[in-house]
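What follows is a single structure, written as structure tokens, with notes after it.
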Amino acid sequence: MNLPNTEVPKTMLKIRRLRTIPATALLLFVFFCALGFGEEIPRELSDEAFWKLVTDFSEPGGYFRSDNFVSNETMFQNVIPELKKTTKHEGVYMGVGPDQNFTYIVALQPKIAFIVDIRRQNMLHHLMYKALIELSEDRAEFLSRLFSRKRPGNVGAGSSAAELFAAFENQEPEREMFYSNLQALKKQLVERHGFKLSSDDEQSIEYVFRAFYAGGPDLTYNGPNLGGFAGGRGRMPSYSELMLETDGQDLNRSYMSTEENFRILQDLEKKNLVVPLVGDFAGSKAIRAVAQYLKEHEASVTAFYLSNVEQYLFQQNDDWSKFYSNVGTLPLDSSAMFIRSVFNNMAVQYQGFGSLRSASLLSSIPTLLKAFEAGEIRSGNAGYYDVIQMSK
């Protein structure tokens with residue numbers, strides 16, 4: 001039966017259009033499609049695709065002097081208002097370190113996020129978070145699982161972050177709950193997702209999870225505060241304090257601030273779109289592998305959270321140069337920003353008041369790369385000063 005023109009199937013229309021394309025152009029079109037070019041970032045990654053990215057893009061694990069259970073940056077939210085104004089929505093996010101990335105991810109809502117850290121433990125740390133977030137109905141259940149403490153009866157979806165953490169401060173850790181939750185999260189990763197974790201990987205996950213069990217809401221960058229000097233908090237903020245910080249305009253934007261924020265993160269985790277990698281910023285593989293993947297999927301980086309990794313790179317021969325060369329391979333949006341942290345004296349200088357431990361700053365990635373390519377960035381500590389001066 002002949003169909004009216006208005007009802008011609010879309011596939012037939014595509015075939016008709018392809019017939020009008022010159023043969024050479026058509027061959028190129030087919031060639032690039034075969035390579036994966038032109039395909040958008042998937043709205044959801046299969047477990048197999050996610051694990052392939054993690055394993056294929058990662059490098060051998062390296063050393064860092066701290067377990068970095070939680071951040072030590074108290075003002076990391078302050079750059080979010082400017083980020084939301086200047087960077088494009090639904091780009092690609094890259095970052096380093098533990099869960100401060102989640103707050104940036106929730107604010108920017110990227111198509112996909114890659115967390116690149118030299119420590120394999122950080123990748124496994126993120127897998128721990130992934131399992132717990134996926135298993136939890138809401139923020140209160142997530143905290144109950146994370147800290148191995150019973151859920152208080154007076155909190156719910158409408159509770160503020162302050163109310164949530166105040167309630168959990170009075171809950172004692174429970175050993176049986178710890179082991180039950182540990183088995184549940186391992187089952188989620190190994191049986192539900194099919195991720196192939198080694199026995200060492202599982203031990204590393206247990207090590208991180210035990211720190212949250214012991215430290216609870218008071219866990220810091222240094223580890224649990226067990227009453228002795230070695231575990232003392234010093235000037236380090238606790239997990240709960242970090243989750244109660246604001247953006248400098250009295251708005252808490254953390255992923256734990258509202259149920260809506262938690263749901264945004266949970267949705268990305270369930271779709272396998274927060275991808276943790278083991279990678280050296282100055283290495284030859286991880287960042288460049290991400291770059292190739294993004295080019296194949298016509299996606300651009302809009303934000304790259306660095307913490308203060310550059311400070312170490314400038315102290316390690318030409319690692320800083322290798323890093324910027326790696327960044328130069330990434331497809332970048334014109335508005336792409338580095339999010340970097342500075343500490344102690346530099347933090348005071350940039351905030352202009354008080355005695356602050358850290359400050360968070362923004363820097364245009366294209367502008368920095370232009371300066372790098374022009375040879376305008378020095379080596380050593382002077383070079384680190386150069387890039388900080390390019391920040392605001």
Within segment 295-339, which residues are in a helix (DSSP H, G or I) and under 16 Å from the mean Cα position of the chain (by Cα)?
309
Considering only residues that are among the β-branched types (Val, Ile, Thr) and surrounded by 23 or more Cβ atoms within 10 Å (Cβ to Cβ), which ones fall in segment 81-95?
92
Unmet criterion (only one of (1) touching a Ser or Thr at 6+ places or on another chain (Cβ under 7 Å); (2) at pLDDT 95 or above) for residue 74:
(2)
Residue that is modelled with pLDDT of 95 or more, over 19 Å from residue 371 (Cβ atoms) and buried (at least 21 other Cβ atoms within 10 Å of the Cβ), where the choices are 305, 293:
305
Spot the failing condition for residue 148; the list is (1) surrounded by 13 or more Cβ atoms within 10 Å (Cβ to Cβ); (2) modelled with pLDDT of 95 or more; (3) under 18 Å from residue 258 (Cα atoms), and only one is missed.
(3)
Residue pairs meeting the criteria (Cβ under 9 Å; at least 6 apart or on separate chains; first within 13 Å of residue 311 (Cα to Cα), in segment 332-352; second part of a helix (DSSP H, G or I) and modelled with pLDDT under 60)
341/347; 342/349; 342/350
By residue number, the members of segment 332-350 that are surrounded by fewer than 17 Cβ atoms within 10 Å (Cβ to Cβ) and modelled with pLDDT of 95 or more are 334
Elements of type helices (runs of 4 or more DSSP H) in segment 67-147, at least 2 residues being of a type in the set (Lys, Arg) and farther than 20 Å from residue 222 by Cα:
80-86, 139-147
For segment 148-172, give me each residue that is in contact with an Asp or Glu (Cβ under 9 Å, 6 or more places away or on another chain) and outside any helix (DSSP H, G or I).
148, 149, 150, 151, 154, 155, 156, 157, 158, 159
Can you tell me which residues in segment 260-283 are free of Cβ contacts under 8 Å to residues at least 60 places away in the same chain and surrounded by fewer than 20 Cβ atoms within 10 Å (Cβ to Cβ)?
260, 263, 267
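The values are calculated or read from the model by the stated rules, or taken from the named source; none is laboratory data. It should be emphasised that the depicted structure is a prediction, and the values quoted were computed from it without experimental measurement. For neighbour counting, all protein chains shown are included, and Cβ atoms are generated from backbone atoms with ideal geometry for every residue, glycine included.
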